[in-house]
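Just so it is clear, none of the values below were taken in a lab; they were calculated from the coordinates. Owing to the predicted nature of the structure, the values given are computational and were not obtained by experimental measurement. Neighbour counts are summed over all protein chains in view; Cβ atoms, including those assigned to glycine, are modelled from backbone coordinates with ideal geometry.
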Amino acid sequence: MAPIKKRTITMKKNKKVLFAVAVLFIFSMYGSNFFTQQEVMGEKLPGLKKTKQILPRFFKKGPYLQNVTQHGIVIMWETNKPADSRVDYGLTNSYGQYVYDPTPVTIHEIKISGLDTETVYHYRVSSNSLMSNDYLFKTAPNKQTPFRFAVWGDNRTPTSSDMPKYLVDCISVLRPDLVISTGDVVSKGSEYKRWGKEYFTPIRDLATYTPTYIAIGNHEEESHWFNDFVCQPGNEHYFSFNYGNSHFIVLDSNQPYNPGSDQYEWLTKDLLSDACKEATFCFVFFHHPPYSKHWGGDYRIRKYIVPLIEKNKVDICFSGHVHDYERGHSLDPNRHIYYVITGGGGAPLSDKDIMVNWPNIDIYRPLLYNFCMIEVKKNNLYFRAYSVISIDDTRKYCPLQGKVIDQFTITKNFSDK
């Protein structure tokens, strides 16, 4: 047994050496500012080094940001014992305002309202007189303000893999305003310990200053822990919100979505709402993809959801479930929509086998850990998909910010909406 133990330690050391070499390489190319700061609305945000939290062990998760709007935001955290909840906030680190709830809880959820649009605030959370570090959040922007958001999925991994954290660090470098997961953030949602180890630990630094959303996957198992740990609009499983000039729709592909179901009727109304129709761009997120070369796709999604979103001019549909990267278009040549699978967030990657050779899948990239970054500037949308590490015969390690594996642009005319 001794030789096996020694060999395991050596492998771990080798991984650390490889990561350190990659970091030094990027550091030498981009300089120290690449790691030590990020800017949001003219403020310096903590980056890959300075976001490392030194919190009392009393804080188990967070703080993390949820459900941001132009005038409000929700801040959550977890403590290891029931305690009160307080958030101090303000335009400087002197704060000056606070929200307080004396109710003893372990999962803390504080909503702040009455905020100014497109404004950076300092905040700090505290429970039982134990305080976090100082952090920043930014309220949602005006319609004409450019913004960017990241999409990733299927980070769940029951092993001790560092890949989800490494991928989140890559996302952080590109400074998104929002991060949306296509689901399967944990391998077994009914087990409490998975939520900390597999999701909240990898995103911990990023989530202190970037609001996150989840399109629930099958591995969350519709567990109560999902409802406990997130604060999303509506019923938290299917909902919509506007950010900038765009409309975001999140669905639960584990719950019924056939005609007559609550979710189907809600989606039909939402797609016809002014919030959707007046938006420049519209995005839909759900876990199970309608088309996939590797997995085949979900027939019910193709039958019930695809006609709805294509009829109502949705621009991009994001899914996960399949642990690769795929991008396609509508089977109807008169409909213009992109179908994107980004399921390479850290779970074991899918192999190269093709189950259904869909003619509308234009790009099929197996064996890649990946995420997407979308930048919206008025009537222009710039899409890029990044791979983080390419698992091939040479095991080539990509630079920290990722290697572009796909990109496209959408330009809207006013007549398009």
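Data overview
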{"item": "Descending semi-axes in Å of the range 147-416, equivalent ellipsoid built from Cα gyration tensor", "result": "26, 21, 19"}
{"item": "Dipole in debye (nearest 20) - the range 147-416, about Cα centre, beta carbon charges: Lys, Arg +1; Asp, Glu -1", "result": "600 debye"}
{"item": "Footprinting exposure proxy for Lys193, Lys311, Lys61, Lys403 (fewest neighbouring C-beta atoms within 10 Å first)", "result": "Lys193, Lys311, Lys403, Lys61"}
{"item": "Sites Thr159 and Asn218, calculated FRET efficiency, Cβ-Cβ separation with R0 25 Å, nearest 0.05", "result": "0.85"}
{"item": "Sorted by Cβ density within 10 Å, fewest first, the residues His224, His288", "result": "His224, His288"}
{"item": "Kirkwood-based shape ratio for the range 55-138, expressed as Rg/Rh from alpha carbons", "result": "0.95"}
{"item": "Whole-number D in µm²/s for the range 246-336 (Stokes-Einstein; Kirkwood sum over Cα pairs; 10 °C, 1.306 mPa s)", "result": "117 µm²/s"}
{"item": "Estimated dipole of the range 55-138 in Debye, rounded to 20 [Cβ of Lys and Arg +1, of Asp and Glu -1, Cα centre]", "result": "300 debye"}
{"item": "Model label zone, Phe408; criterion: amide N under 19 Å from point 7 Å along Cα-to-beta-carbon; scope the range 342-364", "result": "342-344, 357-364"}
{"item": "Share of pairwise Cα separations in the range 188-247, more than 15 Å, in percent", "result": "56 percent"}
{"item": "Length gained when the stretch Asp262-Gln144 is fully extended (0.36 nm per residue, less Cα-Cα span)", "result": "39.1 nm"}
{"item": "Segment Val105-Asp134, length gained on full extension (0.36 nm per residue, minus Cα span)", "result": "8.2 nm"}
{"item": "Full-extension gain in nm, Ser273 to Asp353, via 0.36 nm per residue minus C-alpha separation", "result": "24.7 nm"}
{"item": "Residues Thr117, Thr208, sorted so that the one with the fewest Cβ neighbours within 10 Å comes first", "result": "Thr117, Thr208"}
